[in-house]
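Chemist: Could you have a look at this structure, given as structure tokens, before my questions?
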Amino acid sequence: MEVDENDAKKSKKSDRWDWESKGASGFVVWVKERFATVPKHSGYDTSGLERAVSYLEKLDSEISKAMRLDLEEELDANKVEEIRAKIEDGIDKLHERLNKIKKTKKNKRKSASSENETLVKEAQKITGVQGTYVTVPLIISAIARICINGTVSAGHDLSQTYKDQVEKYKLSDREKAEVRWLLLDMGYALRGDRGFMPEEEVYESSSNNYDYSANYRG
């Protein structure tokens, strides 16, 4: 019984692609019917798109077989070519969509991989100490990267971006210092005396500065 069911399924499957039994008069109708029953897909799944491409390529291949066997010119070549042009156009559009979806998925994977990288930065080398690392909170790292990316990629002023982020996230003095020193370690120092916050006013003539020496002008 099982063998009979399998044979029946195979026969039914083969009948769908049996264009020879349709004769010359029924071939174009058969092609149109097959073209109208392309496997469905969402337009976003690569598997469904690939199946549809394979289906249309097989249909195109069957047309080639039929035309090569039609030595008596029983088939209407113009009608066949008309439907074939639609098939080829469908294949091209499916390939275009498939490539776009694959590219989008690839970019998403790269983005996710970048976001998941360990947020550990090797600090500046200290004489006599090897393998020194600095671990910082995620928000501090994120703010530092925003400041650097804004400066490098968009040409924004580093100090202004820093101030905007400080205000946005309402950073404490300790958190401000963490961001500032992380920027310095990453090669992007904020202007000003490091003993003060960037928003604090520093008097060059003061003897209470840290990085700056008192600068007396006559």
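The values are calculated or read from the model by the stated rules, or taken from the named source; none is laboratory data. Computed from a predicted structure; not experimentally measured. With ideal geometry, Cβ positions are generated from the backbone for all residues, glycine too; neighbour counts draw on all protein chains shown. Note: areas computed on protein heavy atoms with side chains; ligands, DNA, RNA excluded. Shrake-Rupley method; radii C 1.70, N 1.55, O 1.52, S 1.80 Å.
Chemist: Estimate the FRET efficiency between Arg16 and Tyr188 by the formula 1/(1 + (r/R0)^6), using the beta-carbon distance for r and 45 Å for R0, to the nearest 0.05.
Modeler: Plugging the Cβ-Cβ distance into 1/(1 + (r/R0)^6) gives 0.10.
Chemist: While we're here: Using a simple spin-label model with points 7 Å from Cα along the Cα→Cβ vector, what separation in nm is obtained for Arg174 and Ser47?
Modeler: Simple spin-label model gives 5.1 nm for this pair.
Chemist: Of Lys102/Lys168; Lys86/Lys110; Lys110/Lys163; Lys40/Lys102, which ones are farther than 28 Å apart at the Cα?
Modeler: Going by Cα-Cα distance, Lys102/Lys168; Lys86/Lys110; Lys110/Lys163 fall outside the 28 Å limit.
Chemist: Sticking with this one: To the nearest 10 square angstrom, what accessible area does Ser42 show with a 1.4 Å probe?
Modeler: 80 Å²
Chemist: Any idea of Thr104's accessible area? Nearest 10 Å², probe 1.4 Å.
Modeler: Result for Thr104: roughly 60 Å² accessible.
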